[in-house]
Each structure stands twice: as structure tokens, then as C-alpha cells.
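Q: Dropping the structure in here first, questions after.
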Amino acid sequence: MDAQVSPVVLDGGDRRCVVLLIELRKLIATLPPGALVHLIATDPAAPLDLPAWCHLTGHGYLGPVPGDRPTYAVEVAADAKPTDARRPWRPSV
């Protein structure tokens, strides 16, 4: 991935991880492969749920991003597996 590309920021604030995954799924659907997303999330489950979701879908979990707020980096994959729109932690049937 080109280090010059600016990340797309999704500020999840204090929303629960379930809602964040739905929002992240919608956002990623609009981005090209290789795009970088920085998800800001204070939900204590985010550091566990986000890597698990990336493993399920095939998107790249790049880990925490240094800064004042808890932020996590995800790289959009070209060949990601689709998930259910209302339950993004489940694969699409």
C-alpha cells in the first residue's frame, strides 16, 4: 500500500462494536481495494472484535494507530468475503 494515501476516518465514538461493524461494512463497500480506514472506537470490545471481523472477511487488520483516541487501521481487500448487512459478524449466505 502506498504510504502517501490518506486514510478514510470513521469516527465511531462510543458506539457499540456491533454498530461500528455495520458502519464499517457500509463504508468499506464504497472504497477501492487497498484503501486504508482508521476506525476511532472507544468500545472496549473493539480491539478484539475488529481483528476477528477482518479475519472473517479477509480485510487487513493493521492494528492500533498511535494518537489521543483509540484508533485502529484496516486495509480494504479486493477479495473480501461478504457478510450479512444487518449482522456483519456472520458470512453472507
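The values are calculated or read from the model by the stated rules, or taken from the named source; none is laboratory data. Fair warning: this is a prediction, and the values are worked out from it, not measured in the lab. When we count neighbours, we look across all protein chains shown, and the Cβ atoms used for this are built from the backbone with ideal geometry, even at glycine. With ligands, DNA and RNA removed, areas are computed over all heavy atoms of the protein, side chains included. Shrake-Rupley method; radii C 1.70, N 1.55, O 1.52, S 1.80 Å.
Q: Counting just the residues of region 13-30 that are over 16 Å from His59 (Cβ atoms) and open to solvent by less than 80 Å² (accessible area, probe 1.4 Å), which one comes out modelled with the highest pLDDT? Reasoning before the result, please.
A: Filtering region 13-30 for residues over 16 Å from His59 (Cβ atoms) gives 13-16, 18-19.
Then keep just the ones that are open to solvent by less than 80 Å² (accessible area, probe 1.4 Å); that gives 13, 18-19.
Working: Gly13: 85, Val18: 84, Val19: 89.
Result: Val19.
Q: I'd like the full set of residues that are more than 15 Å from Asp14 (Cα to Cα), in contact with a Gly (Cβ under 9 Å, 6 or more places away or on another chain) and open to solvent by less than 30 Å² (accessible area, probe 1.4 Å), limited to region 37-57.
A: Cys54
Q: Right, another one. Is it the case that Asp2 is in contact with an Asp or Glu (Cβ under 8 Å, 6 or more places away or on another chain), modelled with pLDDT under 95, open to solvent by 20 Å² or more (accessible area, probe 1.4 Å) and at negative phi?
A: On the way: in contact with an Asp or Glu (Cβ under 8 Å, 6 or more places away or on another chain): no; modelled with pLDDT under 95: yes; open to solvent by 20 Å² or more (accessible area, probe 1.4 Å): yes; at negative phi: yes.
Considered against the rule, which asks whether it is in contact with an Asp or Glu (Cβ under 8 Å, 6 or more places away or on another chain), modelled with pLDDT under 95, open to solvent by 20 Å² or more (accessible area, probe 1.4 Å) and at negative phi, Asp2 comes out as no.
Q: How many residues are over 10 Å from the mean Cα position of the chain (by Cα), surrounded by 14 or more Cβ atoms within 10 Å (Cβ to Cβ) and within 18 Å of Ile28 (Cα to Cα) if we restrict to region 63-72? Break it down into steps so the answer makes sense when it comes.
A: Step one: of region 63-72, the residues over 10 Å from the mean Cα position of the chain (by Cα) are 63-71.
In the following step, the residues that additionally are surrounded by 14 or more Cβ atoms within 10 Å (Cβ to Cβ) were identified as 65, 70-71.
Retained after the next criterion (residues that are within 18 Å of Ile28 (Cα to Cα)): 71.
Of the residues in region 63-72, 1 are over 10 Å from the mean Cα position of the chain (by Cα), surrounded by 14 or more Cβ atoms within 10 Å (Cβ to Cβ) and within 18 Å of Ile28 (Cα to Cα).
Q: Just to be sure, is Pro7 surrounded by fewer than 16 Cβ atoms within 10 Å (Cβ to Cβ) and touching a residue at least 12 places away in the same chain (Cβ under 8 Å)? Quick ask: steps written out before the conclusion?
A: On the way: surrounded by fewer than 16 Cβ atoms within 10 Å (Cβ to Cβ): no; touching a residue at least 12 places away in the same chain (Cβ under 8 Å): yes.
The answer is no for Pro7.
Q: Another one. Mind telling me which of the residues Pro33, Pro91 ends up being in contact with a Pro (Cβ under 8 Å, 6 or more places away or on another chain) and either exposed (fewer than 11 other Cβ atoms within 10 Å of the Cβ) or in contact (Cβ under 8 Å) with a residue 24 or more places away in the chain (or both)?
A: Details: Pro33 fails: in contact with a Pro (Cβ under 8 Å, 6 or more places away or on another chain).
After ruling out the rest, the residue left standing is Pro91.
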